[in-house]
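Data block below; observations after.
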Amino acid sequence: MKKITFDFQNRTAVVTGGAQGFGLDIAKRFLESGAKVIIWDTDSKMMELAINKLNNKNLSSKIVDVSNFKEVSNCANEISKNSNIDILINNAGITGPTATLWEYDIEIWKKVVDINLMGTFNCCRSIVPSMIKNNYGRIVNVASVAGKDGNANASAYSVGKAGAIGLTKSLGKELADKNIAVNAVTPAGANTRILDQMTKEHVQRMLSKVPRGRFLEVEEFTSLVCWLSSEENTFSTAAVFDISGGRSTY
């Protein structure tokens, strides 16, 4: 696949869940396009591997639990002392186990929603004020088709991603009179490590719903995120961009 060139010179991006999967590829593409990138993740081992793999002077990292507002706020304030935060990619997320709602462990259900929804809220709540001050920002919230359709045996994940979609629409409208775009992307299943958290039956059920007949490639997803994060995106905000291979048509 031929890569389109984006210009992120003099831009600083925070990518949550940036040590692996979608987040790592987004960080890589931003760096290749001239941005300074700060990846937030909780997996120190994967973070170390990511830093070594990307090997770029414009890359920095921080162990951050996005579900902890105080931790997120402190890290955002620290960055803002030395740099604008121009781009925020809310990518951190977990699927949780597959189980019926009435059998779902309550604490794990809360954890999945805390990371997938409250994590997105915490990052936006902490970073948006500085974007308003600078009159520039691009925010991309990584949701899922599960947030649109609702996946059986994945109620916590579906609820968290549906909430992230609702948050995107509200925040995008609140910032519509400023040079700040807030959008969500809703991928179907992709070839990332997140599939390892699911049963083979669940993965096959996901694949059977995709008219393209295959999982999303990470590079395809990154291209969409890059455009939404670029200065070229001057009009789209509070919107949901589907990238599900035809699974969702709304």
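The values are calculated or read from the model by the stated rules, or taken from the named source; none is laboratory data. Not measured: the values here are computed from a predicted model. Every residue, glycine as well, gets a Cβ built from its backbone with ideal geometry; the counts of neighbours run over all protein chains shown.
From V64, V113, which residue is closer than 29 Å to N134 by Cα and surrounded by 15 or more Cβ atoms within 10 Å (Cβ to Cβ)?
Working: V113 fails: closer than 29 Å to N134 by Cα.
One residue alone meets the criteria, V64.
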For this session: Output the residues belonging to the range 199-236 that are under 28 Å from K173 (Cβ atoms) and of a type in the set (F, W, Y).
Result: F221, W227, F235
Exercise. Across the range 159-203, what is the number of residues that are over 16 Å from the mean Cα position of the chain (by Cα), modelled with pLDDT under 95 and of a type in the set (S, T, N, Q)?
Worked result: 2
Problem set entry | Single unsatisfied condition, R247 versus (1) buried (at least 16 other Cβ atoms within 10 Å of the Cβ); (2) modelled with pLDDT of 90 or more | (2)
For this session: Determine the pairs where a residue that is farther than 15 Å from A146 by Cβ and of a type in the set (D, E), located within the range 93-120, has a partner that is in a loop (DSSP other than H, G, I, E, B) and modelled with pLDDT under 95 with Cβ atoms under 8 Å apart, the partner being 6 or more residues away or on another chain.
Result: D105/P97
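Of these, K70, K45, which one is without any contact (Cβ under 8 Å) to a residue 12 or more places away in the chain, part of a helix (DSSP H, G or I), farther than 25 Å from S130 by Cβ and basic (K, R)?
On the way: K70 fails: farther than 25 Å from S130 by Cβ.
Testing whether each residue is without any contact (Cβ under 8 Å) to a residue 12 or more places away in the chain, part of a helix (DSSP H, G or I), farther than 25 Å from S130 by Cβ and basic (K, R) leaves just K45.
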Exercise. Looking only at the range 132-144, which residues are in contact (Cβ under 8 Å) with a residue 12 or more places away in the chain and part of a helix (DSSP H, G or I)?
Worked result: I132, N134
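Going through the range 145-177 one residue at a time, which ones are on the phi > 0 side of the Ramachandran plot and among the polar types (S, T, N, Q)?
Taking the range 145-177 and keeping what is on the phi > 0 side of the Ramachandran plot, we get 150, 153.
Listed by number, the list holds a single entry, N153.
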Exercise. Looking at the range 161-195, which of its residues are free of Cβ contacts under 8 Å to residues at least 40 places away in the same chain, in contact with a strand residue (DSSP E or B) (Cβ under 9 Å, 6 or more places away or on another chain) and more than 22 Å from N122 (Cβ to Cβ)?
Worked result: G189, N191
Exercise. Condition test on S83, is it within 16 Å of V128 (Cα to Cα), of a type in the set (S, T, Y) and outside any helix (DSSP H, G or I)?
Worked result: yes
Seminar exercise, completed: Within the range 145-160, residues buried (at least 22 other Cβ atoms within 10 Å of the Cβ), touching a residue at least 60 places away in the same chain (Cβ under 8 Å) and not in a loop (DSSP other than H, G, I, E, B) come out as A156, Y157, G160
Seminar exercise, completed: Per the filter on the range 201-231, residues out of contact with any Lys or Arg (no Cβ under 9 Å at 6 or more places or on another chain), in contact (Cβ under 8 Å) with a residue 40 or more places away in the chain and assigned to a loop (DSSP other than H, G, I, E, B) are E217
